[in-house]
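The next block holds one structure in the form of structure tokens; read it before the comments.
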Amino acid sequence: RLEAQEALNRELEEELQTAHDMQMSLMPTSPPQTPGFDIAGRCEPFNHVGGDFYQYFERGDRLSLALADVTGHAMEAAIPVVMFSGMLDNQMETPRELPELFGSLNRSLTRSTDRRTYICFSMVEIDTASRSMTIANGGCHYPLHYHATDDSVTELQVDAYPLGVRVDTQYVAITAQLEPGDYLVMYSDGIPEAMNAQSEMFGFDRTIEAVRLACRSGLAAEGVVSKLFEATRSFLAGRNQDDDMTCVVLHIAS
């Protein structure tokens, strides 16, 4: 009986690892090689599989960065993530403004998911020639814009319901300008909501300060991702994460 249980456990572990590998394969294996832009992303699920997702899209002089966070954990979140990944990839084949894209995704998800499942989704579209960016957001934490000229961090504030909550949600977009040396940082709630043994959250202030310190150092995009994860794990002080953690960073070459 013990041998049979151990064999079953091994089989389940292998299946979970396969699911993990399949989910990770939905995300980029390397960043876009766009002249003048340095990009990096990382997703670390707290279980074998999770509900976070990020992706890049290139179309002519447009570069889009996307980050999504599905409600729930483990398999209950992973299955909608897989569905959303395919849905987003399909929708991106048709050029459109971000509010229209978000509206279309929202209507599809409202039809396809139950009322307890929704997706926080943020996308930044960058004109690589002018370095202007357009931002739309449905329920994600605000992307952060580090300004190299004065060592400040701006939250790119735009609000709407997550995808899949209300079929009639109207989405809007805002614009901002990137300058040489600037950074754009997108992150999921697993970072600011990371909680230590004293039940204290890492929080937005620490997140923003960790981003500011990393960007001030002029690190490559991958270095900023690493510094933010390191700051979060240092705060946890050995305690395991409770949620998936994802971060995407874009750096404009000086």
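The values are calculated or read from the model by the stated rules, or taken from the named source; none is laboratory data. Please read these numbers as outputs of a predicted model, since none were measured by experiment. Cβ coordinates were reconstructed from backbone atoms using ideal geometry, including for glycine residues, and neighbour counts include every protein chain displayed. SASA here: full protein model, heavy atoms, side chains in, ligands and nucleic acids out. Shrake-Rupley method; radii C 1.70, N 1.55, O 1.52, S 1.80 Å.
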**OP:** Kindly indicate whether any position in segment 209-224 is free of Cβ contacts under 8 Å to residues at least 60 places away in the same chain, part of a helix (DSSP H, G or I) and touching a Leu at 6+ places or on another chain (Cβ under 8 Å).
**Re:** yes
Over segment 128-145, the set of residues in contact with a Leu (Cβ under 8 Å, 6 or more places away or on another chain), in contact (Cβ under 8 Å) with a residue 60 or more places away in the chain and over 17 Å from Phe53 (Cα atoms) is Thr128, Arg131, Leu144
Do we find that Phe202 is more than 27 Å from Ser30 (Cβ to Cβ) and aromatic (Phe, Trp, Tyr) in this structure? yes
Do we find a residue being in a helix (DSSP H, G or I), open to solvent by 10 Å² or more (accessible area, probe 1.4 Å) and touching a residue at least 40 places away in the same chain (Cβ under 8 Å) anywhere in segment 232-240? yes
Exercise. Inspect segment 157-176 for any residue being among the β-branched types (Val, Ile, Thr), surrounded by fewer than 13 Cβ atoms within 10 Å (Cβ to Cβ) and assigned to a loop (DSSP other than H, G, I, E, B) and give the result as yes or no.
Key: yes
* Asked: Restricting attention to segment 104-111, does a residue exist that is open to solvent by 70 Å² or more (accessible area, probe 1.4 Å) and out of contact with any Lys or Arg (no Cβ under 6 Å at 6 or more places or on another chain)?
  -> yes
Within segment 80-103, the count of residues that are open to solvent by less than 30 Å² (accessible area, probe 1.4 Å) and either under 14 Å from Ala173 (Cβ atoms) or of a type in the set (A, V, I, L, M) (or both) comes to 7
Pairs returned, first residue in segment 74-100 that is in a helix (DSSP H, G or I), second residue that is open to solvent by 70 Å² or more (accessible area, probe 1.4 Å) and at pLDDT 85 or above, beta-carbon separation under 8 angstrom, 6 or more apart or interchain, are Pro99/Gln170; Pro99/Val172
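Could you identify the single residue in Ala176, Ala210 that is at pLDDT 95 or above, within 16 Å of Ser152 (Cα to Cα), in contact with a strand residue (DSSP E or B) (Cβ under 6 Å, 6 or more places away or on another chain) and small (Gly, Ala, Ser)?
Going through Ala176, Ala210 in turn, the sole match is Ala176.
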When (1) within 22 Å of Glu76 (Cα to Cα); (2) at pLDDT 70 or above; (3) surrounded by 15 or more Cβ atoms within 10 Å (Cβ to Cβ) are applied to Pro32, the one that fails is (1)
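Would you check which residues across segment 124-156 are under 20 Å from Met87 (Cα atoms) and open to solvent by 20 Å² or more (accessible area, probe 1.4 Å) and list them?
Glu125, Gly139
Has segment 217-224 got any residue that is more than 30 Å from Asp127 (Cβ to Cβ) and more than 18 Å from the chain's Cα centre (by Cα)?
Looking for residues that are more than 30 Å from Asp127 (Cβ to Cβ) and more than 18 Å from the chain's Cα centre (by Cα), one finds none in segment 217-224, hence no.
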(1) open to solvent by less than 30 Å² (accessible area, probe 1.4 Å); (2) aromatic (Phe, Trp, Tyr); (3) part of a helix (DSSP H, G or I) all hold for Phe204 apart from (1)
